Amino acid sequence: MPAITVHDKEFIPYITSSQIEEQVKKIAEQINKDYAGKRPLFIAILNGAFMFASDLFKNITIDAEISFIKLASYKGIKSTGKVITAIGLDVDLHQRDVIIVEDIVDTGKTLFHFLPQLEHQQPASLKIASLLHKPDALLHPLKIDYLGFTIPNKFVIGYGLDYDGLGRNIKEIYQLV
Ligand code: IMP
């Protein structure tokens with residue numbers, strides 16, 4: 001596969017669609033096993049996770065529900081750091097087995113600040129599934145329970161991930177040169 005240009009930057013092929021497909025199936029199989037007899041609630045974080053969430057959910061064979069949210073972050077009035085709110089969270093998480101579906105955990109900032117809000121609703125369990133993880137960029141302690149690929153600290157696009165709005169529709173994952 002040749003290199004591609006998105007906006008002003010060049011990207012080279014990094015993870016093929018069949019590699020992605022294989023990993024997504026493995027994660028789904030593990031979840032099917034781990035949650036057998038339960039009815040997990042997947043919460044996919046938009047926009048980036050839509051493609052991963054869709055392919056993952058198609059491979060879930062146990063009873064399961066899915067809901068989509070968007071996260072909006074703003075600075076708190078006091079210097080308590082970022083406040084993150086969920087838009088579209090319309091399901092009661094109390095006593096539910098919740099699996100957060102993310103495209104990528106980079107610094108971990110987003111989930112680190114957001115998870116306590118979900119825990120506040122007292123779910124029975126709360127796990128994280130992420131397609132990608134850049135451990136070298138991680139700034140906040142975060143346990144990823146279901147992971148597709150560990151990648152170096154380089155910007156990637158494709159399979160739902162964008163560079164300034166573009167690249168989400170690419171079937172493979174490309175890496176910034
Ligand atoms: P974090 O809060 O730093 O973990 O960032 C998480 C979010 O940043 C992800 O859900 C992505 O939307 C975005 N992001 C982080 N790294 C990349 C990347 O390499 N490509 C595209 N988006 C990224």
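How much net charge surrounds Tyr35 when only other residues with a Cβ under 14 Å from its Cβ are counted (Lys, Arg +1; Asp, Glu -1)? Within the 14 Å Cβ shell, the charges total -1. Please compare each pair in Lys58/Lys134; Lys70/Lys127; Lys9/Lys143 to a cut-off of 29 Å on the Cα-Cα distance and tell me which ones are over it. From the list (Lys58/Lys134; Lys70/Lys127; Lys9/Lys143), the Cα-Cα distance tops 29 Å for Lys9/Lys143. Using the Cβ-Cβ distance between Lys58 and Leu139 with R0 = 41 Å, the FRET efficiency computed as 1/(1 + (r/R0)^6) comes to roughly 0.80.
Restricting segment 116-164 to trypsin sites (Lys or Arg not before Pro) that sit in a DSSP loop and have at most 15 other Cβ atoms within 10 Å of their own Cβ leaves Lys143, Lys154. Residue exposure proxy: Arg39, Arg168, ordered by other Cβ atoms within 10 angstrom of their Cβ from fewest to most, comes out as Arg39, Arg168. Hey, if you put +1 on the Cβ of every Lys and Arg and -1 on every Asp and Glu Cβ in the chain, which of Asn153, Ile104, Ile84 ends up farthest toward the positive end of that dipole? Value computed over the given set: Ile84. Per the Debye formula on identical point scatterers at the alpha carbon atoms of the chain, with no solvent, log10 I(q)/I(0) at q = 0.13 Å⁻¹ is -0.67. For segment 1-79, applying the loop criterion from DSSP together with a ceiling of 13 other beta carbons within 10 Å to the trypsin sites (Lys or Arg not before Pro) yields Lys78.
Sorted fewest first by neighbouring Cβ atoms within 10 angstrom, Asp103, Asp162 come out as Asp162, Asp103. For segment 127-137, the Karplus equation 6.51 cos²θ - 1.76 cosθ + 1.60, evaluated at θ = phi - 60°, returns couplings of 10, 10, 10, 10, 5, 10, 8, 10, x, 5, 9 Hz by residue, with Gly and Pro reported as x. Modelled spin labels at Ser67 and His94, positioned 7 Å past Cα toward Cβ, are 1.3 nm from each other. Estimate the FRET efficiency between Glu21 and His120 by the formula 1/(1 + (r/R0)^6), using the beta-carbon distance for r and 41 Å for R0, to the nearest 0.05. After rounding, the FRET efficiency stands at 0.70.
No lab work stands behind these numbers, since they all come straight from the coordinates. Just so we're clear, the structure is a prediction, and the values are computed from it rather than from any experiment. Quick reminder, even Gly has a Cβ in these numbers, built from the backbone with ideal geometry, and neighbours come from all protein chains shown.
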